[in-house]
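Take a look at the structure set out below.
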Amino acid sequence: METHNDIRLRPRFYRDIDEDIDTVRQKFIEYAKHVPPGFLIKIRPNHIQFSIQGEKQKYWSPHLSIELEEKIGNEKNATHIRGLFGPAQTLWTFFVFLHFIIAGIFLVFSMFAYSNWMLHQPVKGNLIVIALMVISWILLYFIGRQTRANGYGQMEELEREFYKIIG
């Protein structure tokens, strides 16, 4: 999977295999019985969470969410697999929270700047805050890219294990 030139912070992949969902899920269940050290797998009916655990786990360690879906088409014995790499849910929630805070401040000071401009009042302070929020958004994007780059090796490990499981 190529992730270096991708603008998305949460890389995705798709795979179709010629086995039904129950067979694919059973492969994951068998794997879960003999999970190598350093990995954690949680299996729900059509959703599987696969992550790094133990001493290899860092705050930037990726998690792999896998969705199993019946493939639409003529074959009834095929499964469409959607995989999504992402950070820990707490880190992702915090990251989204920061985006909302920055967006809120940006909108409020944009309204203040527009109001002051319409009233022929100085807007310099408002524009400075707006510029700082834009810089903060850009900074958050690059922090996200760096976090993904730190976890790239572990993403490859998870992907290798995934392909071992499905064959």
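Filtering segment 47-83 to residues that are of a type in the set (D, E, K, R) and not in a loop (DSSP other than H, G, I, E, B) leaves GLU55, LYS56, GLU67, GLU69, GLU70, ARG82. Going through (1) exposed (fewer than 12 other Cβ atoms within 10 Å of the Cβ); (2) outside the structural domain of LEU140 (by TED's automatic domain parsing); (3) modelled with pLDDT of 85 or more one by one, THR79 falls short only on (1). Can you find even one residue in segment 108-124 that is of a type in the set (A, V, I, L, M, F, W, C) and in contact (Cβ under 8 Å) with a residue 40 or more places away in the chain? No; the residues of segment 108-124 include none that is of a type in the set (A, V, I, L, M, F, W, C) and in contact (Cβ under 8 Å) with a residue 40 or more places away in the chain. ILE105 falls short on exactly one of the conditions (1) of a type in the set (Val, Ile, Thr); (2) closer than 20 Å to THR147 by Cα; (3) at pLDDT 90 or above, and that condition is (2). Test of understanding: among ILE130, ILE135, ILE105, which residue is among the β-branched types (Val, Ile, Thr), at negative phi and buried (at least 17 other Cβ atoms within 10 Å of the Cβ)? Sole residue among the options that is among the β-branched types (Val, Ile, Thr), at negative phi and buried (at least 17 other Cβ atoms within 10 Å of the Cβ): ILE130. For segment 61-68, does any single residue satisfy the condition of being among the polar types (S, T, N, Q), surrounded by fewer than 17 Cβ atoms within 10 Å (Cβ to Cβ) and within 19 Å of the chain's Cα centre (by Cα)? So far as segment 61-68 goes, no, none of its residues is among the polar types (S, T, N, Q), surrounded by fewer than 17 Cβ atoms within 10 Å (Cβ to Cβ) and within 19 Å of the chain's Cα centre (by Cα).
With the condition kept exactly as written, say whether any residue in segment 84-92 is part of a helix (DSSP H, G or I), at pLDDT 90 or above, out of contact with any strand residue (DSSP E or B) (no Cβ under 7 Å at 6 or more places or on another chain) and not hydroxyl-bearing (Ser, Thr, Tyr). The answer is no; no qualifying residue exists. Within segment 49-62, residues that are under 17 Å from ALA149 (Cβ atoms) and touching a residue at least 12 places away in the same chain (Cβ under 8 Å) have Cβ atoms under 6 Å from residues that are buried (at least 16 other Cβ atoms within 10 Å of the Cβ) and of a type in the set (Ser, Thr, Tyr) in these pairs: ILE52/SER61; TRP60/THR147, counting only partners at least 6 apart in sequence or on another chain.
Out of PHE39, PHE95, one residue alone is of a type outside the set (A, V, I, L, M), farther than 21 Å from PHE142 by Cβ and surrounded by 12 or more Cβ atoms within 10 Å (Cβ to Cβ). It is PHE39. For segment 64-91, a tally of residues being closer than 23 Å to ASP16 by Cβ and in contact (Cβ under 8 Å) with a residue 60 or more places away in the chain returns 11.
The values are calculated or read from the model by the stated rules, or taken from the named source; none is laboratory data. Worth saying up front: this structure is predicted, and the values here are computed from it rather than measured. Neighbour counts are summed over all protein chains in view; Cβ atoms, including those assigned to glycine, are modelled from backbone coordinates with ideal geometry.
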